[in-house]
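Chemist: Take a look at the following structure, please.
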Amino acid sequence: MSASAPRYCPCGRRLARDHAGPRCGACERRAVQQRATPPAVAPGFWDTPAFRDALDAQHMGRVARAYRRHPSHLARYGRDGIPQELLGDWLGLTQAQVSRIENGPPIRNLDTLAHWARILRIPPELLWFRLPPGCNTAGPAAQLPARQPPAPLPAGHFQLVAVGEGALHDPDAAAMRAFRSADLHVGGGHLYATVIRYLQAEVAPRLFGSHDGTDHRTVFTAAAALTEMAGWMAHDAGRDTVARQHFGRSLALAGVGGDQQLSAHVLGSMSHLASHLGQPDEAIVLARQGQAVLQAAPEHPGLQARLLALEARGFAAHDSTGAADCVQLLLRAEKTLDSAPGGPSSPWVSQFDEGSLASEAARCMRHLGDLEETRRQAERIVSLRPGHRTRSRAFGQLTLVTVLIAQGSPDEACGIAYDVLAATQSLGSFLVIGQLLALQPLLQPHHSSTVVAGFLDCLENTVRERLGLYQWLASDDRSHREGA
């Protein structure tokens, strides 16, 4: 039997006989890096008629098209410039989404505009909008994760900064907003101890410590909301037993405070945790209890939609027997989310929006085995969650990764997974680490691919380093169990 003819990479290197891909390892790594970050541009790059017209029109899609078809990119990438698929990889979008944005109406959402400006590194002085504080477009784009683990952030590292209108008039509300803002960037693993200390030092003494005639129900309500937040941060840090305890205490405190919307919200959080722990029947009961509580409160479409979606997730866990109920509940949640509020909303209830609903729908469809709908919902999450919403965007991307693997596109999946590794370097979320770990058995059957093999090696080292961030939490866990 004659030996097969040798194969060569486009760069000219001979490929090994057992090498499955069309390119050598070095070219595959360069291709992955190319998918992760845009190229550096020369001075004067932005001074072209196409850019001036697009910027004058205040249309980010046209700016992106001018970017793709810049003369320097035409010379490097060919007659059409940078492909829409590659631009989509940088932005976390599909080629179809990029096409719609380039050719459709202008984007108006500031978070999305800032995300595009940061990724493409558009000079701030050229923009028609003001960038959010801390959003720097001049620096280099995100690189692949370093092999050195980030140092654990010391407890008490975070300082409370008033965020939002009226924050200075209510220190507990200011604390809540500050914790929520920080949580978007760094995750619950870093913040849990700080929230517990605030509860113990600032809130607990006021629960029973004053008899000046003040309505102390507001203090109980604040304690309930912050205790629920501590539960979510414990859950994000992988401490579900502690999270359950916090949610139970929060529900009791909310009952004393009399905020029915907050009580319903806490029941929703308890439903989420039950689903996460593989208890779908309990998740359904808790979501329905939340809906019953909400009937006696002013209408809150976002909260009602959240509870319907959580009930749907419980039915999705029953697979085919719960599929019809799951779909009907998701449709009701979508319709409810579009309705107008019927009265004042509790300031302690977190927002549930289209991206949140897409996250719940993606979980449901993945349970039911509908890969195409799961992919559609995951892509919707990514398109609705800008770069600074690190954790929720990562969840959407990782869901998309699992779908791509199941659909036979492991190399494409690894390209997105590399983006998640880069974006979550400083994120203290054990839930994200757990989802990253779950990729290993899914990708192992494809390890003959150079791209997959390289990613698995990077993943193993990165996860091992990040797990060290949780040692401090484990050592302090006993004292935190006695928190408010």
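Chemist: For Gln289, only one of the following conditions fails: (1) farther than 17 Å from Cys364 by Cβ; (2) surrounded by 20 or more Cβ atoms within 10 Å (Cβ to Cβ); (3) modelled with pLDDT of 95 or more. What is its number?
Modeler: If we test Gln289 against (1) farther than 17 Å from Cys364 by Cβ; (2) surrounded by 20 or more Cβ atoms within 10 Å (Cβ to Cβ); (3) modelled with pLDDT of 95 or more, just (2) comes out false.
Chemist: Filter the range 431-455 for residues that are assigned to a helix (DSSP H, G or I) and in contact with a His (Cβ under 9 Å, 6 or more places away or on another chain); which is farthest from Phe395 (Cα to Cα)? Full working, then the answer.
Modeler: Step one: filter the range 431-455 for residues assigned to a helix (DSSP H, G or I), giving 431-437, 439-446, 450-455.
Checking the rest, the ones that are also in contact with a His (Cβ under 9 Å, 6 or more places away or on another chain) come to 431, 450, 452-453.
Numbers: Leu431: 9, Thr450: 25, Val452: 20, Ala453: 23 Å.
Out of the qualifying residues, it is Thr450.
Chemist: Which one of these is free of Cβ contacts under 8 Å to residues at least 24 places away in the same chain, part of a helix (DSSP H, G or I), buried (at least 22 other Cβ atoms within 10 Å of the Cβ) and assigned by TED's automatic domain parsing to the domain that holds Gly302: Leu329, Leu357?
Modeler: Exactly one residue qualifies, and that residue is Leu329.
Chemist: Output the number of the condition that Asp353 fails; it satisfies all remaining conditions of (1) under 23 Å from Thr336 (Cβ atoms); (2) in contact with a Gly (Cβ under 6 Å, 6 or more places away or on another chain).
Modeler: Checking Asp353 against (1) under 23 Å from Thr336 (Cβ atoms); (2) in contact with a Gly (Cβ under 6 Å, 6 or more places away or on another chain), the one that fails is (2).
Chemist: Mind listing whichever residues of the range 380-410 are free of Cβ contacts under 8 Å to residues at least 60 places away in the same chain and assigned to a loop (DSSP other than H, G, I, E, B)? Reasoning before the result, please.
Modeler: Quick first cut of the range 380-410, residues free of Cβ contacts under 8 Å to residues at least 60 places away in the same chain only: 380-381, 384-385, 392, 394-396, 398-410.
Correct list: Arg385, Gln407, Gly408, Ser409.
Chemist: Scanning the range 415-440 for residues that are out of contact with any Asp or Glu (no Cβ under 8 Å at 6 or more places or on another chain) and among the β-branched types (Val, Ile, Thr), which turns out farthest from Pro386 (Cα to Cα)?
Modeler: Ile433
Chemist: Which of the residues spanning the range 332-349 are assigned to a helix (DSSP H, G or I) and either in contact with a Gly (Cβ under 9 Å, 6 or more places away or on another chain) or of a type in the set (Phe, Trp, Tyr) (or both)?
Modeler: Within the range 332-349, Thr336, Leu337 meet the criteria.
The values are calculated or read from the model by the stated rules, or taken from the named source; none is laboratory data. No experiment lies behind these values; they were computed from the predicted model shown. All Cβ positions, glycine included, derive from the backbone under ideal geometry; neighbour counts span all protein chains shown.
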